[in-house]
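The values are calculated or read from the model by the stated rules, or taken from the named source; none is laboratory data. Quantities reported herein were computed from a predicted structural model and do not represent experimental measurements. A quick note on method: Cβ atoms are made from the backbone with ideal geometry, for glycine too, and the neighbour counts reach across all protein chains shown. To get the accessible areas, we keep the full protein, side chains included, count just its heavy atoms, and leave off ligands, DNA and RNA. Shrake-Rupley method; radii C 1.70, N 1.55, O 1.52, S 1.80 Å.
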Amino acid sequence: GDSVTQMEGPVTLSEEAFLTINCTYTATGYPSLFWYVQYPGEGLQLLLKATKADDKGSNKGFEATYRKETTSFHLEKGSVQVSDSAVYFCALSRTGGSYIPTFGRGTSLIVHP
Amino acid sequence: NAGVTQTPKFQVLKTGQSMTLQCAQDMNHNSMYWYRQDPGMGLRLIYYSASEGTTDKGEVPNGYNVSRLNKREFSLRLESAAPSQTSVYFCASSEWGNSNQPQHFGDGTRLSIL
């Protein structure tokens, strides 16, 4: 079946550091890929998405590129802020399947001033 | 924009009590979902409703029941609460059959069972 694997956290960084959160997936066909962010006390919200190979999703300074050859969708940001502290979830959704998204377990990011 | 609204936000129950978690969406989505989130476990799907009039079990349905009241509302019921059901519960909605579209989540119900 489909699966999403994220790096375990927490990831702890200083403000203005470079961020990478790794995400790899297993799925048949051509899934759509998503990053969601969950701030403390809130629900998940879409951060960015990519729907086909080599697409780059971007939002709020975050980027991720859909790499079919490596089945990866790593999240990056050039300079993190304290306000980026949150839990980040990678997810996929596959056309022709059950349409139920598959989520990774989430990666907690803590940014110190 | 309300999006997905969950009530209540917090609840404390005693073992054996029952309660219903409410969820409503105003985005005209076909599909609605209930998840639970536990530390280190990520999100686990309890039940989902692909469209009005249908409901299906997810990964962890035991101890729960659901009702899709209409297109807007999807409730989750705990008939006899157990401490293992202490968790944060999230409702979500989306368009069914369109894998390019994301899910939209409520802010959760934090449930403690003593």
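Annotations
- Residues in the stretch B:14-35 that are open to solvent by 10 Å² or more (accessible area, probe 1.4 Å), over 18 Å from B:Q103 (Cα atoms), touching a Ser or Thr at 6+ places or on another chain (Cβ under 7 Å) and touching a residue at least 60 places away in the same chain (Cβ under 8 Å): B:G16, B:S18.
- Residue, nearest to B:H104 (Cα to Cα), within the stretch A:61-112, restricted to residues that are within 10 Å of the chain's Cα centre (by Cα) and among the charged types (D, E, K, R): A:E63
- Matching option when the condition is modelled with pLDDT of 95 or more and acidic (D, E), among A:E76, A:E42: A:E76
- Index of the failed condition, B:S94 passing every other in (1) in contact (Cβ under 8 Å) with a residue 12 or more places away in the chain; (2) open to solvent by 60 Å² or more (accessible area, probe 1.4 Å); (3) within 11 Å of chain A (Cβ to nearest Cβ): (2)
- Of everything in the stretch B:46-85 that is part of a strand (DSSP E or B) and among the aliphatic types (A, V, I, L, M), the residue that is most open to solvent (accessible area, probe 1.4 Å) is B:V66.
- In the stretch A:18-72, residue nearest to the other protein chains (Cβ to nearest Cβ) [restricted to those that are within 27 Å of A:P113 (Cβ to Cβ) and acidic (D, E)]: A:E42
- Test: residue in the stretch A:37-47 that is closer than 17 Å to A:L92 by Cβ, outside any strand (DSSP E or B) and open to solvent by less than 60 Å² (accessible area, probe 1.4 Å): no
- Of B:S49, B:S75, B:S84, all but one fail to be within 14 Å of chain A (Cβ to nearest Cβ) and either under 17 Å from B:R110 (Cα atoms) or modelled with pLDDT under 95 (or both); the exception is B:S49.
- Within the stretch B:47-68, residues that are free of Cβ contacts under 8 Å to residues at least 60 places away in the same chain and farther than 12 Å from B:W96 by Cβ have Cβ atoms under 6 Å from residues that are among the basic types (K, R) and surrounded by 18 or more Cβ atoms within 10 Å (Cβ to Cβ) in these pairs: B:T55/B:R68, counting only partners at least 6 apart in sequence or on another chain.
- Here the strands (runs of 3 or more DSSP E) wholly within the stretch A:55-113 that include at least 1 residues being aliphatic (A, V, I, L, M) and surrounded by fewer than 21 Cβ atoms within 10 Å (Cβ to Cβ) are A:86-93, A:107-112.
- Conditions (1) open to solvent by 60 Å² or more (accessible area, probe 1.4 Å); (2) more than 28 Å from B:L111 (Cβ to Cβ); number of the one not met by A:E8: (2)
- Residue list for the stretch B:86-114, restricted to those being over 26 Å from B:H29 (Cβ atoms) and in contact with a strand residue (DSSP E or B) (Cβ under 6 Å, 6 or more places away or on another chain): B:T86, B:S112, B:I113
- Evaluating B:N28 against the criteria (1) outside any loop (DSSP other than H, G, I, E, B); (2) under 30 Å from A:D55 (Cβ atoms) leaves one unmet condition, (1).
- Just one of the listed residues (B:G97, B:G53, B:G106, B:G63) is at positive phi, under 15 Å from the mean Cα position of the chain (by Cα) and not aromatic (F, W, Y), and it is B:G63.
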